[in-house]
Amino acid sequence: EMIKFEERLRTNFDIDPESRKFAVPPLMIQTIVENGIKHGISKLQQGGEISVQTKVEDSTLKIKIRNNGQLPHQKLNGRKGFLDYNLENRFQYHYAIDLHSYGI
């Protein structure tokens, strides 16, 4: 993506060293980052920034992926997007957890 967008894409990584102890399903983070670039940054003429932050709190890995683009609220009309369903299913499969109990 850096090659494709060149100077239009800026990245920021703030990775907690403790987060390396956690296993995350393959390509899950990459999928979210690519989605953020595709839907949040690619349409911005001036480009934008994608940031990935990890933090460990109370033995729980927290991952925050943000971009500075905007998705019009009316686009989903309160529905979840495909990525939301995909991630839910993958988390339930790998970890047998319900993301709704975490407010996600």
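Computed from the coordinates by the stated procedures, all read-outs in this text should not be read as laboratory data. Because the structure is a prediction, the values reported are computed rather than measured. Glycine also receives a Cβ, built like all others from the backbone with ideal geometry; neighbour counts cover every protein chain displayed.
Structure above, values below:
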| item | result |
| --- | --- |
| Cβ-derived FRET efficiency at R0 22 Å, F5 paired with Q70, nearest 0.05 | 0.80 |
| 20 Å Cα-Cα threshold exceeded, pairs from K21/K64; K4/K62; K4/K64; K38/K62 | K4/K62; K4/K64; K38/K62 |
| Net length gained if the chain between K43 and K62 were fully extended (0.36 nm per residue, minus Cα distance) | 4.0 nm |
